[in-house]
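Asker: Before I ask anything, let me first share the structure, which is written out below as structure tokens.
The values are calculated or read from the model by the stated rules, or taken from the named source; none is laboratory data. Because the structure is a prediction, the values reported are computed rather than measured. Positions of Cβ are generated from backbone atoms using ideal geometry, with glycine treated the same way; all protein chains shown enter the neighbour counts. Note: accessible area is taken over every heavy atom of the protein model, side chains too, but ligands, DNA and RNA are not part of it. Shrake-Rupley method; radii C 1.70, N 1.55, O 1.52, S 1.80 Å.
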Amino acid sequence: KRGYAVSDQEIYQGVKAVAAPIFDSRGKITASICVAGPRERVTPKKVTLIVSQIKEAARNISNKLGANL
């Protein structure tokens, strides 16, 4: 619903990540883009910045794949 997901040490201890889906021309999720880093460096303020940038990057890639977003 938000267009992104945040993982806070869910897979690897000490790692925080932000990801967004990439859609194909049929509107199906075909891939994702992710930024990950040490939890202490990926602060809430940085997450906000990363979210906007990663969503824009995912949207641009999706559009190049023919998605109608």
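Asker: With a 10 Å cut-off between alpha carbons and a GNM built on the chain, which of Ile50, Ile22, Ile11 moves the most?
Answerer: Fluctuation is largest for Ile11.
Asker: Assuming a viscosity of 1.002 mPa s and a temperature of 20 °C, what translational diffusion coefficient in µm² per second does Stokes-Einstein assign to the chain, Rh being the Kirkwood radius over Cα pairs?
Answerer: 173
Asker: Under 18 Å from the Cα of Lys45, which lysines turn up, not counting those fewer than eight places away in the same chain?
Answerer: Partners within reach: Lys16, Lys55.
Asker: Further, regarding this structure: I need the calculated FRET efficiency for the pair Asn63 and Ala5, taking r as the beta carbon distance and R₀ as 22 Å, to the nearest 0.05.
Answerer: Approximately 0.60, to the nearest 0.05.
Asker: As I understand it, the value is the acute angle between the Cα axis of helix 44-64 and the longest principal axis of the Cα atoms of the chain; what does it come to in degrees, rounded to 10?
Answerer: 20
Asker: For region 2-68, run through the chymotrypsin sites (Phe, Trp or Tyr not before Pro) and keep only the ones in DSSP coil with at most 14 other Cβ atoms within 10 Å of their Cβ.
Answerer: Hits after loop and neighbour filter: Tyr12.
Asker: Tell me, what is the percent relative contact order of the chain, built from C-alpha pairs under 8 Å that lie six or more residues apart?
Answerer: 33
Asker: Could you calculate the contour length gain from Gln53 to Arg41, that is, 0.36 nm times the residue separation minus the distance between their Cα atoms, to one decimal place in nm?
Answerer: 2.6 nm
Asker: Further, regarding this structure: What accessible area per residue comes out for the chain, rounded to a whole number of Å², with a 1.4 Å probe?
Answerer: Accessible area per residue: 73 Å².
Asker: Picking from Lys45, Lys28, Lys16, which is most flexible by a Gaussian network model of the chain using Cα springs under 10 Å?
Answerer: Lys45
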